[in-house]
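Undergrad: Got a structure for you, questions after.
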Amino acid sequence: MTPEELARRRGLPVATMHRLLAEYQFALTDEMAAVLGDDPANPIAAQFLPDAREFTVAESELSDPIGDAPHSPLPSLVHRYPNRVLWKISPTCAVYCRFCFRKEHIGRRGTALRQVEIADVAAYLTAHTEVEEVIYSGGDPLMLTTPKLQQCAAAYRDLAHIRRLRIHSRIPVVQPAAINDALLTHLSDLPQSLHIVVHINHSTELTANARAALRALRTSGALLYSQTVLLKGVNADAATLSRLINDLLDVGVVPYYLHHPDLARGTGHFRTALAEGKEIVRELRQRLSGIAMPAYIVEIPGGGGKVPVNELSAEQEAYLNKLGIW
């Protein structure tokens, strides 16, 4: 989609759109373009098309809102919790979410892992036997070719203490054709148990092709979960979320996380109040069965990790309020 087309859809001067594209990355797959309407309030448009409100950056919004850097023993590895590591194996995504907490560190600012970097991760995992779970992240890990994924898997597949591989990805939804036989064969051949967390925020994203890709992943032996970001203008009401969750359960995806938006730069227009999110979750409990309830969580800025919103201490809530998460 050209800058001129994006500007037309957003009702912006072309020069303004060029400024947005210079500041933040943009990409849209054919799968998502096919369900993109002309209405700026369309949930696909709201998530993926550049918006002039991204120029509004609050003082508390951060380029590293969840504090990865202090917990990174290697450039691509985050070891925040004792028993698991997050491995950023891909620098790119098929689509760029306007609310992403890594929106300034993916796309333009990164290169694919070199073999020496993979070897460094292998040495780290070999030495840290307390790690039982490797989490692929990025960018989107399933943007990599199957041979590159095989190279990454060689870093841990023969380590007895690595019990699980978790993959966080939007690919099954936004680019389902990438879930092909070669990828499925690789995933099913891994000795670790396989857990795939699919990022999806609205039922509009769950196309027929996406449903087929999710079924194929289940057939490969993967356990499927969802993570959803609570987004004003996209899904911040119980009716929209309950439809999404029920649709996901129908295709074998277990609700996992409902994220309160992070303090990424230029994302204030997506952010709901914590009190509003709590009320939405209360209503969800009236609409959904017990197996359908995701955990409503918030990431404590600066590296404090994920905390269920209903378990926040008074001190944590005061800290969040001070930063603009209220």
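Bear in mind that the values in this text are calculations on the coordinates, not laboratory data. Please read these numbers as outputs of a predicted model, since none were measured by experiment. Note: ideal-geometry Cβ built from the backbone for every residue, glycine included; neighbour counts use all protein chains shown.
Undergrad: Please tell me the relative contact order of the range 256-314 in percent, rounded to the nearest whole number, where contacts are Cα pairs under 8 Å and at least six residues apart.
TA: Reported as a whole number, the value is 40 percent.
Undergrad: Output the lone cysteines of the chain: those with no second cysteine's C-beta under 4.7 Å from their C-beta.
TA: C93, C152 - these cysteines have no disulfide-compatible partner (Cβ-Cβ under 4.7 Å) in the chain.
Undergrad: Highest first, please rank the peptides 235-248, 288-301 by the mean number of other Cβ atoms sitting within 10 Å of their residues.
TA: 235-248, 288-301
Undergrad: Setting aside same-chain residues fewer than 8 positions from K278, which aspartates and glutamates have a Cα under 19 Å from its Cα?
TA: Filter leaves D237, D262, E299, E311, E315, E317.
Undergrad: Run the numbers on the range 1-132 and let me know its relative contact order in percent, using alpha-carbon pairs under 8 Å that are six or more apart.
TA: RCO, the range 1-132: 24 percent.
Undergrad: Nearest 20 debye, what's the magnitude of the dipole of the chain about its Cα centre given +1 on Lys and Arg Cβ and -1 on Asp and Glu Cβ?
TA: About 180 debye.
Undergrad: Please figure out what share of the DSSP beta bridges in the chain is antiparallel and state it in percent, rounded to the nearest 5.
TA: DSSP beta bridges in the chain are roughly 20 percent antiparallel.
Undergrad: From the residues T145, A177, T126, which one has its Cα farthest along the dipole of the range 115-182 in the positive direction, the dipole being from +1 and -1 charges on Cβ of Lys/Arg and Asp/Glu about the Cα centre?
TA: Projecting each Cα onto the dipole axis, the largest value belongs to A177.
Undergrad: Give me the number: length gained by fully extending Q316 to T185, i.e. 0.36 nm times residue separation minus the C-alpha to C-alpha distance, one decimal in nm.
TA: Value of the extension gain: 42.7 nm.
Undergrad: Sticking with this one: Given an 8 Å cut-off on Cα distances and at least 6 residues of separation, report the relative contact order of the chain as a percent.
TA: Averaging sequence separation for qualifying contacts and normalising by length gives 18 percent for the chain.
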